[in-house]
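Worksheet: the structure to be examined is printed underneath.
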Amino acid sequence: MTTARHHWDGVLMSTLDTTADPDAPARAVTLPAEWDAGAASALAQLVPGEGPIDLPTLAGEWIATLAPDNATARSLVWLLLSSQAAPTEAVWHGAYDRPPGFVLNLAAFVSPGEGFAARTFVAALKLICSVLREAALTMASQRNGELPLPDLFAPADNAPGAEGTMPAQAVAGHILLTNLDACLAGVGLDYDSEDGRAAACAIAALATLSAHAGRGPEALPLPPVRTVLPGLGETLRAVWNEAAVETETPVAPIETGFSTPNPVDGLLGVEACGLAPVFSLLRPDGRLAASTRQRLEIRGFTVDAALAAALAGEDVLPQPGPGAHLAMYRALTGFVDRMPARPETMAAPARHRLERGMRRTLPARHGGFTQKTTIGGHRLFMRTGEYEDGTLGELSLTPTRESPMVRGLMESLGEAVSIGLQYGAPLDAFVENFAYSCFGPAGTVEGDPVASYATSMLDYAFRALSDAYLGKRLPDGPSQDPQTDPDPLLPLDLPGEDDTPSERKRRALRLVS
């Protein structure tokens, strides 16, 4: 049953009787009249209990907590009413012992006839980042599990975690992107296409650049080469120039990523969660999805004409499969801070059987990804090239701040691995031989969640390849302390002054056949 109700900031509200569990009694949910029953059910799932739910009252609680002034409060209300953004479950539940976050509906930033509203997207990101950082400062005392112990020998006024400050490495919040496929449909791009993946990378990079502004140039991701969407390139360059400024006091970090299935996506009317494609042309109620109507309109089909063509056996709207989902996942890796779980393919792609002496070269235009990481303070750029079936065919390893000899050896190794892969050598053989190799530089890995510690640059590189192309995430190897662990290339015990000649002779190096 639906009944008309009052207005909230000029938006007509209505009350629906719905429930998140079919066996539970129905609850009265008051929400915007334009929202459907799926949003009401998601709100009932988001708020446990059996009593009525009033969206203005419920949202007013977290808005009053997060918004420092009336202008910010009105902006947050508008983002919610326009289905552009909503906070994560932790904020709805008032669980401020965890970092807060917001989910951004990418499809809601697409205007009919105008394309993707990049400037509006950046404005929303800046507002959310300021809200998250302000909330991190005011609620730092409630996040005990994330505060590191202060340096006992540091001055009290500069100690990390002091009142009014945040620890340097404490995450202020999360920004999660969702509904990517519907966004691409709104701008006339297919999910399973090079242009679709290029546009997705540009949007993700724009979000990460906006979230990392104020952190310094070292925290910025590499911008994509192609932007595809009109006006997005200019906005991307403007945000880059604004963010790439040296700062002595970097702001608290905000991490970007893609959402996983949760009630907030249903509240925003999302068709497909995170970066996943829309696998169905229909909504749960049996009607055509909004992305389906947009793609039919772009192809010049009316609903009746599309039905007639489908009955005649024509494939009007080819649906992307799991392979397209994996290709999008690989393309977006490196443009956000955290990626969701790697999508599983229904069947592994058939391996090309090469005859002896036959080389399978990469096409001139191919896919792949670029990853910038830091291992023990030493920067490494890793680039990959992929065949049409998504298998690895090329590897490039470039350490930017090493000596010419080290850089040349690493680049030559990448070329040697590329030749081996193109002649049919299995990737798992390279992973088995190079993962966990121990030599400097080694240490903490920054920039890629696939590893937190690497025993060498090659250890990180081939464990990252194993995760991306073999679907096997290898654990970190044991860390080596140079102060206590001996270098395996040196004698384990050097002779001392008090050693007898026999002991010195016994400890000398010798060849073993």
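The values are calculated or read from the model by the stated rules, or taken from the named source; none is laboratory data. In this text the structure is predicted, and so the values were computed from the model without any measurement. Ideal geometry is used to build each Cβ from the backbone, glycine not excepted, and the neighbour counts take in all protein chains shown.
Going residue by residue through the stretch 210-228, is there one that turns out to be in a helix (DSSP H, G or I) and under 30 Å from Ala33 (Cα atoms)? Don't jump to the end; show me each part of the working.
If we filter the stretch 210-228 for residues that are in a helix (DSSP H, G or I), which is where we start, we get 210-212, 217-219.
Remaining after also requiring under 30 Å from Ala33 (Cα atoms): none.
Checking the stretch 210-228: not a single residue is in a helix (DSSP H, G or I) and under 30 Å from Ala33 (Cα atoms).
Output the residue which, of all residues in the stretch 17-39 that are under 35 Å from the mean Cα position of the chain (by Cα) and outside any loop (DSSP other than H, G, I, E, B), is surrounded by the fewest Cβ atoms within 10 Å (Cβ to Cβ). Spell out how you get there, then give the answer.
Residues of the stretch 17-39 under 35 Å from the mean Cα position of the chain (by Cα): 18-22, 29-39.
Next, only the ones that are outside any loop (DSSP other than H, G, I, E, B) stay: 18, 29-32, 37-39.
Values: Thr18: 22, Val29: 25, Thr30: 22, Leu31: 27, Pro32: 18, Ala37: 14, Gly38: 16, Ala39: 23.
Filtering the stretch 17-39 for residues that are under 35 Å from the mean Cα position of the chain (by Cα) and outside any loop (DSSP other than H, G, I, E, B), the one surrounded by the fewest Cβ atoms within 10 Å (Cβ to Cβ) comes out as Ala37.
Hey, could you check the stretch 170-211 for residues that are of a type in the set (Ser, Thr, Tyr) and in contact (Cβ under 8 Å) with a residue 40 or more places away in the chain and say which is farthest from Val336 (Cα to Cα)? If you could, list the steps in order and put the result at the bottom.
So the first thing to find is which residues in the stretch 170-211 are of a type in the set (Ser, Thr, Tyr), and the list is 178, 191, 193, 208, 210.
Restricting the remaining residues to those that are in contact (Cβ under 8 Å) with a residue 40 or more places away in the chain gives 178, 191, 208, 210.
Details: Thr178: 13, Tyr191: 19, Thr208: 6, Ser210: 11 Å.
Looking at residues that are of a type in the set (Ser, Thr, Tyr) and in contact (Cβ under 8 Å) with a residue 40 or more places away in the chain, I get Tyr191.
Go through the stretch 209-228 and give me each residue that's touching a Ser or Thr at 6+ places or on another chain (Cβ under 8 Å) and under 15 Å from Thr120 (Cα atoms).
Residue satisfying the conditions is Ala211 alone.
Can you find, within the stretch 230-288, the residue that is surrounded by the fewest Cβ atoms within 10 Å (Cβ to Cβ) among those that are part of a strand (DSSP E or B) and either of a type in the set (Lys, Arg) or at pLDDT below 90 (or both)? Show your work before the answer.
Quick first cut of the stretch 230-288, residues part of a strand (DSSP E or B) only: 254-258, 282, 288.
Pick out the ones that are also either of a type in the set (Lys, Arg) or at pLDDT below 90 (or both) and you get 282, 288.
Numbers: Leu282: 11, Leu288: 14.
Per the stated criteria, the residue is Leu282.
Let me confirm something: among Gln294, Gln319, which residue is over 21 Å from Ala37 (Cα atoms), modelled with pLDDT of 85 or more and of a type outside the set (Asp, Glu)? Full working, then the answer.
On the way: Gln319 fails: modelled with pLDDT of 85 or more.
None of the others qualify; the one that does is Gln294.
Among the numbered conditions (1) in contact (Cβ under 8 Å) with a residue 40 or more places away in the chain; (2) assigned by TED's automatic domain parsing to the domain that holds Thr256, tell me where His93 comes up short.
It is condition (1) that His93 fails.
Going through the stretch 436-457 one residue at a time, which ones are without any contact (Cβ under 8 Å) to a residue 60 or more places away in the chain and either closer than 20 Å to Gly368 by Cβ or surrounded by fewer than 22 Cβ atoms within 10 Å (Cβ to Cβ) (or both)? So that I can check it myself, show each step before the final result.
Just the residues of the stretch 436-457 that are without any contact (Cβ under 8 Å) to a residue 60 or more places away in the chain, to begin with: 436-439, 450-453, 455.
Once the filter is applied, which keeps residues that are without any contact (Cβ under 8 Å) to a residue 60 or more places away in the chain and either closer than 20 Å to Gly368 by Cβ or surrounded by fewer than 22 Cβ atoms within 10 Å (Cβ to Cβ) (or both), the stretch 436-457 yields Tyr436, Ser437, Cys438, Phe439, Val450, Ala451, Ser452, Tyr453.
Would you check if Gly164 is under 19 Å from Ile254 (Cα atoms), touching a Gly at 6+ places or on another chain (Cβ under 9 Å), at pLDDT below 95 and among the small types (Gly, Ala, Ser)? Reasoning before the result, please.
Working: under 19 Å from Ile254 (Cα atoms): yes; touching a Gly at 6+ places or on another chain (Cβ under 9 Å): no; at pLDDT below 95: yes; among the small types (Gly, Ala, Ser): yes.
Against the criterion (under 19 Å from Ile254 (Cα atoms), touching a Gly at 6+ places or on another chain (Cβ under 9 Å), at pLDDT below 95 and among the small types (Gly, Ala, Ser)), Gly164 does not qualify.
Can you spot a residue in the stretch 400-407 that is loosely packed, with under 15 Cβ neighbours inside 10 Å, modelled with pLDDT of 90 or more and either in contact with a Pro (Cβ under 6 Å, 6 or more places away or on another chain) or in a helix (DSSP H, G or I) (or both)?
No, the stretch 400-407 contains no residue that is loosely packed, with under 15 Cβ neighbours inside 10 Å, modelled with pLDDT of 90 or more and either in contact with a Pro (Cβ under 6 Å, 6 or more places away or on another chain) or in a helix (DSSP H, G or I) (or both).
For the stretch 251-301, give me the residue count where each residue is assigned by TED's automatic domain parsing to the domain that holds Ala202 and of a type in the set (Asp, Glu).
The qualifying residues number 3.
Limited to the stretch 436-456, what total is found for residues that are within 15 Å of Leu474 (Cβ to Cβ) and either of a type in the set (Val, Ile, Thr) or part of a loop (DSSP other than H, G, I, E, B) (or both)? Talk me through it step by step, then tell me what you get.
Our first condition is that a residue be within 15 Å of Leu474 (Cβ to Cβ); within the stretch 436-456, this holds for 436-438, 445, 448-456.
Keeping just the survivors that are either of a type in the set (Val, Ile, Thr) or part of a loop (DSSP other than H, G, I, E, B) (or both) gives 436-438, 445, 448-452, 455-456.
Qualifying residue count for the region: 11.
For the stretch 458-474, give me each residue that is part of a loop (DSSP other than H, G, I, E, B), of a type outside the set (A, V, I, L, M) and either free of Cβ contacts under 8 Å to residues at least 60 places away in the same chain or surrounded by 22 or more Cβ atoms within 10 Å (Cβ to Cβ) (or both).
Taking the stretch 458-474 as the starting set, the residues that turn out to be part of a loop (DSSP other than H, G, I, E, B) are 471-474.
If we keep only those that are of a type outside the set (A, V, I, L, M) too, we end up with 471-473.
Hits for the stretch 458-474 are Lys472, Arg473.
Conditions: (1) farther than 24 Å from Arg197 by Cβ; (2) under 22 Å from the mean Cα position of the chain (by Cα); (3) not aromatic (Phe, Trp, Tyr). Asn433 meets all but one. Number of the miss?
Single failed check for Asn433: (2).
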